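One structure is given below, encoded as structure tokens.
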Amino acid sequence: MQNPTRLYAIADDRQSEAATAMLQISAVSHTYSSTTASTLALDGIDLNIAPGEFVAIVGSSGCGKSTLLRIAAGLMTPSLGAALVDGAVVTGPRPDVGVIFQDAVMLPWFSVLENVVLPIRAAGGNLTKARRHAAELLDRVGLAGFHDAAPSQLSGGMRQRAAIVRALLSKPRLLLMDEPFGALDALTREQMNLELARIAEQSGCAVLLITHSISEAVFLSDRTIVMTPRPGRIAEEIAVPLPRPRAATTMLHPEFSALCHQVRGHFDGKGE
Ligand SMILES: Nc1ncnc2c1ncn2[C@@H]1O[C@H](COP(=O)(O)OP(=O)(O)OP(=O)(O)O)[C@@H](O)[C@H]1O
Ligand SMILES: [Mg+2]
């Protein structure tokens, strides 16, 4: 039998983790209901992300990852439980939380720069200051010379970089990303991983990244969470103690392949 003192210690740890969490997912379950069917998508998810921490979630298709992210982003209310940002229950999108999806939506009649400052415009913020900051960030992610381009002139990778700049511009303390590089080719994706590692380390914001790529999850995260097939539950949390800053050489670290192997073990023979 487990030592009760140890169990109390674990409960205490969880409570203090929750008290300092940037994002707290607390006992979240979600059922999609229609007149003909009801689908239990998430079942009892508990997850805390500390300020500045990078957490990746991997899981098979349909296990509820996007549902979880939409709940964290305030785009959906869970059937049970709650998402909390900085201790406050999430009731809708927040300006201090950036969200990036697989396909960046850009308005075709605005330039890249104007698309990037759009949320600041919508919030009635200082546009002159925002444009100056956006220009700097666009340069930093390799989009110098594309400030005035139309979104249609950008490649998929360039659009996602612009989307990251757009999310960073409001100085979010939490970035939620749902398969942001899913539509990119393997080489561009690897390059974007290196850039995201650098951006996350420099900005210090907490990140929740959903991905189908095991190596991407391990490369970027401090912790990789594996979900079960639907209904989504947490199957395992794997700490990733690889040194930072992460760089191309991180992938040569013997522990990198050992961790990828550990994550892959959950999917072997299950079609992931
Ligand atoms: N709007 C909806 N109405 C009904 N069922 C839904 C809805 N959205 C998602 N589902 C169901 O909930 C489950 C989880 O969907 P979700 O999109 O969260 O999965 P996912 O893990 O993001 O999948 P993928 O990796 O393919 O993006 C799936 O079985 C899906 O069919
Ligand atoms: Mg999804």
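The values are calculated or read from the model by the stated rules, or taken from the named source; none is laboratory data. It should be emphasised that the depicted structure is a prediction, and the values quoted were computed from it without experimental measurement. Backbone-built Cβ (ideal geometry, glycine too); neighbour counts: all protein chains shown.
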Filter result for A183 (within 16 Å of ligand 2 (Cβ to nearest atom) and touching a residue at least 40 places away in the same chain (Cβ under 8 Å)): yes
Unique residue being farther than 25 Å from H253 by Cα and within 16 Å of ligand 1 (Cβ to nearest atom) when the list is L176, L138, L143: L176
Of all residues making up segment 29-39, the number that are more than 16 Å from ligand 2 (Cβ to nearest atom) and under 12 Å from L80 (Cα atoms): 2
Residue in segment 164-184 that is assigned to a helix (DSSP H, G or I), over 19 Å from F54 (Cβ atoms) and over 24 Å from the mean Cα position of the chain (by Cα) present: no
Residue list for segment 59-80, filter: surrounded by fewer than 16 Cβ atoms within 10 Å (Cβ to Cβ), more than 8 Å from ligand 1 (Cβ to nearest atom) and closer than 17 Å to Q102 by Cα: L75
Residues that are more than 16 Å from ligand 2 (Cβ to nearest atom) and of a type in the set (V, I, T), drawn from segment 63-101: T77, V85, V89, V90, T91, V97
Conditions (1) more than 16 Å from ligand 1 (Cβ to nearest atom); (2) within 24 Å of D268 (Cα to Cα); (3) touching a helix residue (DSSP H, G or I) at 6+ places or on another chain (Cβ under 6 Å): number failed by E216: (1)
Looking only at segment 94-106, and only at residues there that are under 21 Å from H147 (Cβ atoms) and either part of a strand (DSSP E or B) or touching a helix residue (DSSP H, G or I) at 6+ places or on another chain (Cβ under 6 Å) (or both), the one that is nearest to ligand 1 (Cβ to nearest atom): I100
Subset of segment 175-191 (residues that are surrounded by fewer than 23 Cβ atoms within 10 Å (Cβ to Cβ) and of a type in the set (A, V, I, L, M)): A183, L184, A186, L187
Test for T91: is it within 20 Å of the chain's Cα centre (by Cα), within 16 Å of ligand 1 (Cβ to nearest atom) and of a type in the set (S, T, N, Q): no
Unique residue being farther than 14 Å from A83 by Cα, at pLDDT 95 or above and in contact with a Gly (Cβ under 9 Å, 6 or more places away or on another chain) when the list is G44, G52: G52
Neighbours by Cβ (under 7 Å, 6+ apart or cross-chain): first from segment 127-150, among the charged types (D, E, K, R); second in a loop (DSSP other than H, G, I, E, B): R131/V117; D148/S111
